Every structure is written in structure tokens, then in C-alpha cells.
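Let me begin by presenting the structure, written as C-alpha cells, before commenting on it.
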Amino acid sequence: MFIDALKTIWAESGFAAITWQQLVMIAIACVLIYLAIVKKFEPLLLLTIAFGVLLANLPLAGLMKEEIGSEQGGLLHYLYLGVKKGIYPSLIFLGIGAMTDFGPLIARPSSLFLGAAAQFGIFIAFTIANLIGFTPQEAASIGIIGGADGPTAIFTTTRLAPDLLPAIAIAAYSYMALIPMIQPPLMRLLTTKKEREVKMEQLREVSKLEKICFPIVVTIFCVLLLPSVAPLIGMLMLGNLFRESGVVERLSDTAQNALINIVTIFLGVTVGATANAERFLRPETLAIIGLGLVAFMFSTIGGLLLGKLMYKLSGGKINPLIGSAGVSAVPMAARVSQIEGQKANPGNFLLMHAMGPNVAGVIGSAVAAGILMALFG
Amino acid sequence: MFIDALKTIWAESGFAAITWQQLVMIAIACVLIYLAIVKKFEPLLLLTIAFGVLLANLPLAGLMKEEIGSEQGGLLHYLYLGVKKGIYPSLIFLGIGAMTDFGPLIARPSSLFLGAAAQFGIFIAFTIANLIGFTPQEAASIGIIGGADGPTAIFTTTRLAPDLLPAIAIAAYSYMALIPMIQPPLMRLLTTKKEREVKMEQLREVSKLEKICFPIVVTIFCVLLLPSVAPLIGMLMLGNLFRESGVVERLSDTAQNALINIVTIFLGVTVGATANAERFLRPETLAIIGLGLVAFMFSTIGGLLLGKLMYKLSGGKINPLIGSAGVSAVPMAARVSQIEGQKANPGNFLLMHAMGPNVAGVIGSAVAAGILMALFG
Amino acid sequence: MFIDALKTIWAESGFAAITWQQLVMIAIACVLIYLAIVKKFEPLLLLTIAFGVLLANLPLAGLMKEEIGSEQGGLLHYLYLGVKKGIYPSLIFLGIGAMTDFGPLIARPSSLFLGAAAQFGIFIAFTIANLIGFTPQEAASIGIIGGADGPTAIFTTTRLAPDLLPAIAIAAYSYMALIPMIQPPLMRLLTTKKEREVKMEQLREVSKLEKICFPIVVTIFCVLLLPSVAPLIGMLMLGNLFRESGVVERLSDTAQNALINIVTIFLGVTVGATANAERFLRPETLAIIGLGLVAFMFSTIGGLLLGKLMYKLSGGKINPLIGSAGVSAVPMAARVSQIEGQKANPGNFLLMHAMGPNVAGVIGSAVAAGILMALFG
Amino acid sequence: MSFFDSILVSIFSMALVFLVLASLYALIQIFAKLVGIFKHEAALPVNVPAEQAEVLDEGAKGPEVSAGELRLKGVDEKTAAMIMAIISHESGIPLSELQFKSIKAIEQS
Amino acid sequence: MSFFDSILVSIFSMALVFLVLASLYALIQIFAKLVGIFKHEAALPVNVPAEQAEVLDEGAKGPEVSAGELRLKGVDEKTAAMIMAIISHESGIPLSELQFKSIKAIEQS
Amino acid sequence: MSFFDSILVSIFSMALVFLVLASLYALIQIFAKLVGIFKHEAALPVNVPAEQAEVLDEGAKGPEVSAGELRLKGVDEKTAAMIMAIISHESGIPLSELQFKSIKAIEQS
Ligand code: NA
Ligand code: NA
Ligand code: NA
């Protein structure tokens, strides 16, 4: 009899219900956890997403079960509402704004052009994705991986192509972690040693007034021009205003600590939990991973090529290596510029100069996302 | 063709849709930001509210768009639910309770009378507002500005006259910041130099037992008498119990940091975002601003006059300057008492003595709000 | 006329509406507050629950009023949604996971058997509760008090027998606080002095790799076998992975501070607020309190008896006193083992050895809860 | 609402505010007397040792009360820094949340 | 539910609890063996230098485990305070979250 | 969407991205000029004393910018620890959030 009861429990357990697809997903989750912990791939998001993938693929747990009538939904279903309604990505941008110093960008505003050029990959990937049969909404979401900005990619995808959310989020954060591998070969291929050796002039000092007005002016201008980008740019700039105003230290502190951390946990786990086997184990996912790499590469190339042009136009004052930092991926991409610059010329310190294009890239990808949402939303 | 596309984008952008009223609102937002940052006017709330005003008046952004059926709502619409349902003001009171030391009030409970007298302006403004045509609900909400207590004003207004929310919130916080300008002339007008010179006796020490029982007793008594005030007084006193009990340090800490900061951000931005042009640019708003000032002035006068009476009755032991601190506006009003006292007599330290009426004023305005909600809710 | 108005206010106040049952509940709340503050009975939860009991029994305050149509609900009704939908207990487990070091358990995995044996009281109480007329769902919820784990008890009860929530939550936390009184007599009764004197071998060092893999393996295995336990075990182990991975320090920190504290406040107040007089002042509540004590005692006995068996089987290497720590109640029960061990032999340090069964007990009661929810959910 | 009515409401409400706060006044007074009577029995057990409690107390005055300056009497700054670091460590309170009024050397006879 | 049924359910459930935790026991044992075998290959790369890691580990025992006293061996308190401040600074962990067991001077031959 | 259309959309969008960021470029340039003109009038009142502000500024570069090493010039480590503890105390910022680049002794003539 006891054996019978055990058989019943077994029959009702996940062991009996598990499919090979779910086993594959669990293996993928473990690989992502490995990459996050051992290789330190964007661990804040990837570790959390990976655990969400794990939880979503243990059968019968029902963590993402929708609430229907009086029947209770699953834990992650409720937490996922913040993703679905676009709240979490905006709140993460609030925290990022509070962490970001736009000083280097204000000191050398031409960085903005690099931040624009480094959105190039978005549209290359968009075009190819269209070509191979994705809908325009899907293609736009895939393209945005090339913006190298996690919250923007998640925000855009939840609006345009929610089915692709896990694949796009995982691809975006993975490639951001791989920036130190993706960019250097392209940087060396496209620039000459002479260009890479260029030492740049010290940035001028930026007054507190300029730093305070910057977020206000950017909000007014960008939201007027592209209303759909308001939640992202608005919150990013509110966070930055908290930071630069100097009078709301405690709000700035909470935005970049307790609040962003809580939201990161909820966002990561629930985005991961959308990756159930049927949704993730499709040829589309492989296509997305491939297109994501293409997008990152062409964004890098876009930034570098404009960097070269600015090198020419400035009479050799701009080191084109800072162009690749325009992809966002703050501050990883700027560090790559620093490292490559120092390889070419040990006395070369590009970090601060690359921070300008780097933060311009955040604005650039938000703008690109706004355009695509306006066109296809 | 490219020009055509640009024209379309322009036509669909906020630049084409913006009205002069919205431009005025944006200018008002910028003025409020200026006051918050440069003049340090209650920056935690006013800076956040001002940015909300800015965001709400950039056309087509739709941040406050309601969710209808399956159509997604705007970011701030969701965050605003916590204001609409009265949750944020209560949680802010939880944090304020955890920050407040009721010791000076317990040591000299006659401070409570000053905290009562300084609600005088509420009813003056209420009467005038009724007279000039506001509904009783609106008049009550306008009057409560004279309570000099932001969360109470917001809580009451969302229940009685949600349409007036932005004007009342902005007026309340602005006048709280202006306390150092509003009160001193009235203080010097209504008191004699001899009165202002009075040095008060050292407060007795308050035992831990009294401090712990205080929030419990106040909750039971006030909520029994005025059930409608339960969310405010209940949370204020729970926070204070966290503080005084000494056994839940970590809850007290979170209530006065992470939690209150998160709620302040959400409350501020969304209260600001209710200030769209149609709602705000009305003659009523000017009336509210005027009545708010009246309310603040008569609250100050009420406190001072009772202070003078207590000076008489106590045989000159009570300095009437502490009466004006009864308006709440913790701790600004108490500091004003301190400064004016020291001007009259450099050896005069009224700060601690003024803290009693100051925190009594918080209870007083919550009680007044409870009465008005019971009558008109 | 003024007297008339006062009479009306009085008639509409809580003083006129209060029942003797509510007075009894208020008295109970005050006793709980006393125990929490002066006797330091699990103050984080009991103080907060007690204040919730107080607020819920002040008549007419309507803090738990449900939202019906367009009529607004009470403050605590909204905060209670997180309990009702099982979100808060899971998030508390996230924080507990981030605080828990499973090292001692991994170093001596036989602790798991003690953690299993110490769930014995759950089923004793379940059987008796069934016998005296509770439904199986109610009996299961009452039994789970014997798991000595607050969030698990609350989670299970909200799913199986929400009507009993306040009684079960209060009983669970009270008995957890009483562990130092409940356990020692049983420990001395059931063990010989020779057994209590046993010094245990130093635990082996646990590698970082084992600590990282532990939460992943436990999640996969437990959720596969008992899908209904996924929200609890999943979040517990995610928190622990945050802790052990070493790469997401900021998420681990927020999970064990800001997030768990905010959730504790909301959970405590609203669980307390379910204790209105009609629901709480019933003979069932007394039965629950009695059965809770039985459950705690038999859980302790279960742990101790298996401890004695392991003492025999190991040839006297295992001190049976660590068995009683298997009830969970981290870290109180482990400390009791330490103290009793030192009484028998002043050179005896059992704390670390008792932490193994202690954390095993957390897993054990979650597993028991999962089984009961699978059977009766 | 007529002017007369609103005056009436105002007077009534103001009186009620006074009544409520006056009742609180009475409650506090009664309570203070009770505490005075039962002082010795009712004293709460405090586990924190005296000196530490003082430090906690000073830190607990809330963010509004400004700290003033740290005065050093008979101690050099190095020793002061050390004392501050040790107290922060022992009490588990970050330096930023401790407020020291003065650090004084005690003369040893 | 009949008494007999509830006894049955209890026995079954209790057995199942044992079964699940026994399986975890087996998994941990197997895993510990695997780790023993692959110890040298599988060692995780840890960037934190050894001494600092120790400090982190000690600090990580959670808020429940009391710190005990700080023992100083062959160092004066000033140096100890300095060491604590520097480690706090370098590791980015506030002093309040570091737990030092002892600070010992290393004899230089 | 046809290939031709998607190329068109891409060119148009890319141009628009450039246009928006170029406009921001123009705005920043204009603003910098304006600030240059009104520099003396528009200066914001800053209450923090200069040295402290510097410290704050260094600490504010965000968690991403690595601290590098602390260089000590003409000061021993004890003094450095003391300075760090005092600044942490005075500014209310935990040591873990302050980043010191170097501590230099100023020669007194
Ligand atoms: Na970008
Ligand atoms: Na007031
Ligand atoms: Na247990």
C-alpha cells in the first residue's frame, strides 16, 4: 500500500511530467548560472534570469500560472506584472540615471554623434530579421539587442514582441558581458596603430549648473520629439536629476540601491521565467542569438567608423577607439576602449574620454527604441 | 521623400501637439525645480513633484493614461494607484513616525493645546473657501493646507477633492518651505519683546515606558474617537512604536529609509503628474494658493495667541514663540521658534521646547483631517 | 446645540460601537506587544502582528474593508493582497535564504535526518486536530505550526485554511519565542547525562563550489518531487544562491535588508489585522494554541529520539542534543542545544553542529508543507 | 454650504480638535503619574551596557538634529579615530550613523 | 477524515519527508565525492586575495552568530584600528559588517 | 515588410537618431555658451566646504569606476586611516562609499 501511495506521488511529481525539452532548458539555466558566477557575465541580471529559467522549466510548479477568476495565480505571475506593464525597466533606468555621470558627455558633446553611430547594428539586424521572415515588430525587438542596453531591450520587447522576451533578454545581457571579446578584434581591424595611439586632450570642467540642467533639457526635448520614449528617458533623467541636484541625497541613494536591487531581482527572475521550453526551444531563438551578435558587431563598427571620421575632421585629436564605447554597455565598453588604447600607447588614458560616447549610447538606444515603438507599436 | 517622413514624425511629435497652456506648465515645473534645488524648498517632495508636472505636460507621452480593457496604461498611472488608494501617504507617515521623538511632547503635554490652536487656519480657510463658492469637500481639502503637513493634505484631498490634488500638494509643500519667511513677522507682531525673552525650564526626562506606551494609547484613543483617521494615525504610531520599542531596529531603519524614500519618489512624481494643464491652469488654483497662505498665517496666529494665553496663565514660564511651532512643518517651524527666541535673547534655546508643539501639530492636523473626512467624506 | 453635535460624533465614533469582544482583542494585542518588547518574543513579527490586531479591532476604522466596485478599500486590505496571493512569505524566504549558511549542513549531511525527524509534531497535531473535528485542510494548517517556521505556516494556511490565519501565525511565532522554555525539559528528560556530554568532531571545511551547487541541486530535486513547494524552496534557494555566488553582493544585501524588512512590516500588520474578534474569539483558537504546543513538543521529541538513535549508530559520536534543533526556529533552537550541551559539559560547543539540523529543519518543514498542500490543496 | 453653516462647522470642529488633544493631555498626565508610582517595578530591562546605550541614544536623534562638532579633550586625533572605529565595530553601527559629541580622556590618579 | 485515515496520511507523509531529505543526503554525499575527485580542476577562480577572503567569510556568518571579542596579539589598539579601517576601505565593506576574530602581529625573523 | 521597405525604415530611423542626438549636441553647446556668459551670476550656492566636496565628488563616480590604489605621500598609514575615519564621520558617508585617490602631506614652510 505504501508502495502504491509512493507511485501516486511519483505520478503526480514533476519527475513523471518532465519533457526532454525541459531538461534541455534546465541545462541551459545551469550553463547561464555557470557563466554568471564563474565568468562573471553580467551576474546581476544573468544569474537572476537563469534561476528564473530553471524555475519555469520544473514542471507543474505553476509559478507563472495566470490568475483566472477566483483561482490564484503563481508567485512569478504576480511579480511579472511589473515587466508586462513596463514598470521595472523604467525603475531600473531611474537607478541607472542616479548612477550616471553625464559630465564627460557635456564636456565633449560631440560624443553624442558616436552614441548615434553606434546604433548602426540595430538597423542592420532589423533589416536582416525582416528579410528572414520575422514580423516588423519582432525584427525591431531583435534589432534593439544592438543597443547594448538591457532595460531598453526588455521594455521594447514587452511592447512589440513579448513572445521573444526571454531570448532577447538573455542575448542582450550575454553579449554585453562578451563585449571584451567582441570588440577588440574589430577595433584593431578598423583602426591604424597611429590612430589608436592618439592621446586626447583633458576634458574641460563641467559646472554644476550644466549638470543640473542637462537632464531637464534632455527630457523636454526627447519626450517632445518622441513621446513613446517618455518612460525610459523620463525616469533616466529623473534619476540623474536626483543625483546632480545635490539636495535629495537620500532619494538618489535609494534609487541606486534598495529600489534598483529589488526591481532587478523581480525583473530578472520573471523575465527568466518566461523562457518555458515551448517558447524558447525554437529555431527563432538561434536566429535571435545570431542576429544579436551581428547587431553588436555592426554597432561597434558604426561607432568606430564615425570615430575614424572624427579623427580625420579633428585633425587627429579624436582617438577613434572611443567610438566603440558608443554601444552603451556602461562601463564595460569604455573600459575596452581604455585597454586597447593603452595597448597601443601605454601612456594613453581613454577611460574618461570613452565615458562620453558610452553614456551617449544609452540615450541613443533609448531614442532608437522610441522610434521603433512609434513606427510599429 | 525623407523630408516627407520627417514631416510625418514632426506631425506626430509633441512639438506639433503642444499647447500654450502646456508650455506654461513646463515653465512652472522649471520654476519649482529651481526653488527646490537653489532655494532648497522641501526638495524631497517639490523636486519630485516638479518633475512629475514636467512629464505630465509633455504632450502625447501618455504616462498617466488609464488602463482600459487590454490596452496598457501609462507608467505613472500604475504608480499613481498608491496615491489614489491612500497607501503612500500612510506609508510616509510610518516613516515619519519612526523618525519622530515624541519625548518633548510627553515631557510637557500642554504642548498639545498649542498643537490644537495651530489648526486654526484650517477652519478660517475652510470658511472663506466655502464663501467663495468651493464645495464643502473642496473647501475642507483647501483648509487642510493650513495643517502644514504634506501627507495629511494629500491623503485628505485624494478622498474629498481629487481634482484639486496637484494645486493643494504644491501649495502645502511650498508654504512649508516658506515657513521661515511667513512666520517671523507674525511672531514679532503678536508678541512683546519681554515675552520673546522668556527662557523656559528644562524638560523633565521621559522614561522609556512612557515613550513606548504613548503610540499605543494615542492610536487606541484617536482611532476610537475618529475612525476615519486610522490609516494616518495608525501608521504614524506604528512607526513610532518601531522606534521606541528598541527591539525592531531593522524595521525602524527600513521604515525611515528605503521604504519612505521609495514611496516619496512614487508619490511625488505621480502627484505632480496629476497637474495637467486643464486641471491646473484655472482660477481655482490661484484661489487655492491665496487661501493656502491665509491658512498658514492663521494657523501661526492661532498657535501664537494660545502661546500668549499660556504665558499669562503660567505666570510667564511659557515663551509664546513656541506656539507658532504648533503648525507642524517638522522641524522647520521649531527652528524658526529657536531663531526668533535667540534674536530676542541670545541665551535662549527654544528648540527642544518647540519640538513638543511641533509634533503635537502633526497629531492635530491628522485629527482635523479626520473630522473633516468624517463630516464630508 | 454643540452638545447635540458632540452626541452625534460620539454616536458615530468607535466608543459607541465597540463590543466587549473587541475590548478583549485589544487587551490581547497589548499583551502581545508586551511580550514582544519586554520578553523579546520574536519582536520583528509579533510586535507588528500585535499592532495589526489592535488596528483591526478598533471599530469602524475599516482598514481591512474590501474594495467593492468603485468604493475604495481599506489601507490594510491592499497590503494584505501580498499575503493572500502568497507573495510575502516567499519574499521573506528569499531574505532568509540570503542570510542562511548551509555550510554546516553540507559538512554533515546526516543532519538532514534530524531535520526530517523534527517534523514529527506536525503529523501528531494533524491527527489530533482531525480527531477533534477540524477539516483536513484546517488540521494540516494547524499541524504545520510544529514546523516552527513562520513563513511556511503562513503560506500553507493562506492556501488551506485562511480563516485560521491569525491564530496559527500568532501561535507559531509565540512558540518559536518560547523554544528556550519548551525544549530544555524535554531534552533533559529524554537524554542521559553521558549523551549530553558528547563532544562532537570538528566539521570539515566546505568548498565554495559545494555551497554554490547546493541551492541549485536542492531546488531542482525538491521542486521536481513536490511542485507545490516551488514558491518557498525556490525563493529560499535563490536567496542562498545570491549569497554564495559572491557575484551579486548588492542583491543579497537588499534581499536580507530592505526587501525582507518592508515585506515583514506589511506581512505582520496585515496578518494581525485578520484577527478580528469574530474570527479569533472562538473555541477553535484555544484548540489551535493547545495543538501548537503539542506540535512543538512532539517535533522536539522526534528530533531528540532520532538523535539518540544516531548516537547509538555512530558509536557515541553524535550528541543527541542537536536533534532538537531540527525543528527550525533558526537560530534559537541551535542556541538551546548549545546551552544545554554546555550545562552538561562546560567545554562543549554544539552551536555549529546544531546549525546543520537547524537549517535542515527549514527544508524539512517546507517539504512537509508541500506534501500537505499536494494532498489537501 | 451657507456662511453660517460653515462657521458653525468650523467652531464645532475646532472645539473637537481641542477636545481630542485635551483628552490626550489628560491621558499623558494620568500615565505619567502612574509611571511615577510604579516606577521601580515597571522599569524595562535594558540589555545594552550603559556607555553603548549613550552612543546609540546620541545617534538616534534623527536626521534633523545637526551633530555639531566633535570636541576632543585630552586625546589626540589618532586615538579619537581609533575609539570611533572600535565603537563602530563593536556596536555594529556604521561610523556614518554614530554621532560623537566629545571624546574626553579620564585622568588616572 | 477518519482517525485511521489521518494516521495513514501521517505515516505516509512522514515517510515521504524522510525520503526527500534522505535523497538530499545522498545527493550531497555524491556531490562531495565528485568535488573530492575533481578538486584541483573544479576549483573556482577566486579573485579576492586569501586574507581578504577570510575576512569576508567571517563577516558572512549572518546577524545571528555573535561576534565574540576582538583579540589583539602583539599589536596595539591604534594599529588594529588602522588595519580595520584599511580593510574596510579596500574591500568596500562597512566596518559594521566586518567581523574580526583576532589581529596578530607576524614575527619577522 | 519588404526588404526595400526595411532598408528605407532603417535609413530613416538612423537619420532620425542622428538628428535627435545632433539637436542635443546643439542644445548643450548653446547652453555651455550661455553658462559661460552668465557664469558669475548663475553660480549655484554650494554649502559644502571645498575639500569635503572634492571627497564627495570622488566617491560619487559610481560603483563601476574602480578605485585604483590609495597612494600615500608623506603620511604614514596610521594618519591615513585616521583621516579616512574622520572624513567618513564628518561627512556621514560610510568608509565603504568613499574613494580616496591619494593622501598627501602639505609642507608647512
Ligand atoms: Na546603445
Ligand atoms: Na499641523
Ligand atoms: Na521545521
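We did not get these values from a lab; they are worked out from the coordinates using the rules stated. All figures in this text were calculated on a predicted structure; none of them were measured in a lab. A quick note on method: Cβ atoms are made from the backbone with ideal geometry, for glycine too, and the neighbour counts reach across all protein chains shown.
Key figures
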{"quantity": "Expected-Rg normalisation [2.2 N^0.38 Å, Cα atoms] applied to segment C:161-205", "calculated": "1.83"}
{"quantity": "Charge dipole of segment A:1-133 about the Cα centre (unit charges at C-beta), most positive-ward option of A:GLY14, A:GLY62, A:VAL83", "calculated": "A:VAL83"}
{"quantity": "Inter-copy separations for D:ASP5, label at 7 Å along Cα-Cβ, nm, ascending", "calculated": "6.3, 6.3"}
{"quantity": "Gyration tensor (alpha-carbon) shape descriptor, segment C:111-223, a/c threshold 1.5", "calculated": "oblate"}
{"quantity": "Mean Cβ count within 10 Å, highest first, over the residues of peptides A:127-134, A:72-79", "calculated": "A:72-79, A:127-134"}
{"quantity": "Mean-position separation - Cα centroids, segment B:115-183 and segment B:336-377, in angstrom", "calculated": "16"}
{"quantity": "Rg to Rh quotient for segment E:1-44, alpha carbon positions, Kirkwood Rh", "calculated": "1.42"}
{"quantity": "Proximal charge balance of B:GLN183 [Cβ under 14 Å; K/R count +1, D/E count -1]", "calculated": "+3"}
{"quantity": "Dimensionless Rg over Rh [segment C:219-377; C-alpha; Kirkwood]", "calculated": "1.02"}
{"quantity": "Residue-count net charge about C:MET64 - beta-carbon cut-off 12 Å; Lys, Arg +1, Asp, Glu -1", "calculated": "+1"}
{"quantity": "Exercise: per-residue mean of other protein chain Cβ atoms within 10 Å, A:88-94", "calculated": "2"}
{"quantity": "Debye log10 I(q)/I(0) at q = 0.13 Å⁻¹ for segment B:141-282, Cα point scatterers", "calculated": "-0.86"}
{"quantity": "Residue-count net charge about C:GLN137 - beta-carbon cut-off 15 Å; Lys, Arg +1, Asp, Glu -1", "calculated": "-3"}
{"quantity": "Using a Förster distance of 41 Å, the FRET efficiency for B:ARG204-D:LEU8 (Cβ separation, nearest 0.05)", "calculated": "0.55"}
{"quantity": "Bins of 5 Å from zero: percent of alpha-carbon pairs in segment C:8-108", "calculated": "3, 11, 12, 15, 17, 16, 10, 7, 4, 3, 2, 1, 0, 0"}
{"quantity": "At R0 = 25 Å, FRET efficiency that the Cβ-Cβ distance of F:SER23 and B:TRP20 yields, to 0.05", "calculated": "0.65"}
{"quantity": "Other protein chain Cβ atoms within 10 Å, averaged over every residue that makes up C:22-29", "calculated": "1"}
{"quantity": "Per-residue average of Cβ from other chains inside 10 Å of A:107-115", "calculated": "4"}
{"quantity": "Calculated label separations, A:LYS39, copies of the chain, 7 Å along the beta-carbon direction, nm", "calculated": "5.6, 5.6"}
{"quantity": "Volume in Å³ per residue [convex hull over Cα atoms, computed for segment C:314-377]", "calculated": "83"}
{"quantity": "Dimensions (Å) - segment C:46-105, Cα atoms, principal axes, largest first", "calculated": "52, 26, 11"}
{"quantity": "Filter on B:LYS85/C:LYS85; C:LYS193/C:LYS308; A:LYS65/B:LYS84; A:LYS7/E:LYS33 - keep pairs with C-alpha separation over 22 Å", "calculated": "A:LYS65/B:LYS84; A:LYS7/E:LYS33"}
{"quantity": "Mean shadow area of chain B, taken as a quarter of the surface of its Cα convex hull (nm²)", "calculated": "21.6"}
{"quantity": "Helical contribution to [θ] at 222 nm, DSSP H n ≥ 4, -39,500 (n - 2.57), averaged over chain B, rounded to 500", "calculated": "-22500 deg cm²/dmol"}
{"quantity": "Using distinct alpha-carbon pairs, which all enter the 1/r mean, Kirkwood radius of segment C:283-350 in Å", "calculated": "12.9"}
{"quantity": "Per-pair calculated FRET efficiency, R0 = 22 Å: C:LEU131 and A:ASP4 via Cβ, rounded to 0.05", "calculated": "0.30"}
{"quantity": "Ellipsoid equivalent to segment A:53-156 - semi-axes via the Cα gyration tensor, in Å", "calculated": "34, 22, 10"}
{"quantity": "Other-copy label distances relative to B:ALA27, 7 angstrom Cα-Cβ extension, nm", "calculated": "6.7, 6.7"}
